[in-house]
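Following: one structure in structure tokens, then a few remarks.
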Amino acid sequence: MKKFLILATLALASLAANAQVLWKVSGNGAAGDSYLFGTHHVAPLSMLDSIKGTMPALQSADLVMGEVDMISNPEQMAQISMKYAMAPADSTLTKVFTPEQIDEINTVLGKYTGGQLSCAMLDAVKPALVSTQLAMLQTLTAFPGYNPAEQLDQTIQQVAIANGKKIEGLESIESQFQLLMGNPISEQAEDLLEAVKKDDESVGKAQQLAEAYMSQDLDAINNLMFNDPDADPAELERLITNRNNAWVEILKARMPQQSVFVAVGIGHFVGEKGLINQLRQAGFTVEPAE
């Protein structure tokens, strides 16, 4: 869970001339060229302008797809996020953790926020939400100038709407929150304590992933994700591979009907079961966009 949260949330290296976060998909009866754009959820918005061909690719597509539709129904997103973020009354942070554990969590949160964020402020939420917040704070050490109002995935969908494009999610908001925050509170608590214990290590990995993304080094991303001795194969399958498998089936059905610009986390591109390899195995030509 921890590794995915760091990604979920992916010293800026120079960008390669041949973009490897932007891939063109063609052939196999596709209705024109489709594109895969790999995002890092706290990368600078300048990525859209820095990678040649991104905006023309986005503007050429009939449909823009993200992990979820972040634009069309903000009220629904707020309601679902609240539903999954709030802990049951008997499982608030102060009831789940001992005072000593609360102090440990507060120490790590305070390190990144100058003491402004604590379990007292977050008492009513689930441990998974605290883990997500901590992962974001750790990742922000690689992107200190990040502006939450310029989130890459959301901006892509906003640009799509402004250009008259239809947007859709590859999965529902409900299913994504269920995936991230639907496991038992006891497991969430264990994950959070582990994240606190391995804070320094997690910061290092988050920075390595950020550097690999900004240098568009998919081999490094693959290695960091799937060859990490601390990675849980079952969690990677649940959070990455199973979703890739479902998304590929959607894309295989959509691409023969209309051109699609797909913007999802870069971690979903890499590996044997990544979107790039699976679409190739399905008969599509997938190559770096020029």
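Each reported figure results from applying straightforward, stated rules to the coordinates on display, with no laboratory input. This is a predicted model, so every value here is computed, not measured. Every residue, glycine as well, gets a Cβ built from its backbone with ideal geometry; the counts of neighbours run over all protein chains shown.
Counting only residues at least eight positions apart within a chain, or on another chain, the lysines with an alpha carbon under 19 Å from that of LYS166 are LYS252.
Only four residue types carry charge here, +1 at the Cβ of Lys and Arg and -1 at the Cβ of Asp and Glu. Report the dipole size of the chain about the Cα centre in Debye, rounded to the nearest 20.
Dipole about the Cα centre, nearest 20: 640 debye.
Kindly provide log₁₀ I(q)/I(0) values, in the same order as q = 0.09, 0.18 Å⁻¹, from the Debye equation applied to equal alpha-carbon scatterers of the range 108-223. The Cα Debye sum returns log10 ratios of -0.33, -1.20.
Could you pull out every one of the aspartates and glutamates with an alpha carbon less than 15 Å from that of LYS273, ignoring same-chain neighbours closer than 8 positions? Here the aspartates and glutamates satisfying the reach criterion relative to LYS273 are ASP219, GLU235, GLU237, GLU249. In this simple spin-label approximation, ASP219 and GLN158 carry label points 7 Å from Cα along the Cα→Cβ vector, and these lie 3.7 nm apart. Counting only lysines at least 8 places from LYS111 when in the same chain, those with an alpha carbon closer than 21 Å to its own are LYS2, LYS3, LYS126, LYS197, LYS198, LYS205.
The C-alpha atoms of the range 187-236 occupy a region whose extents along the principal axes are 34, 23, 15 Å, arranged from largest to smallest. Expressed as a whole percent, the proportion of Cα-Cα pairs in the chain lying more than 33 Å apart is 22%. Spin-label model, ARG280/MET121: points 7 Å from Cα along the beta carbon direction are separated by 4.6 nm.
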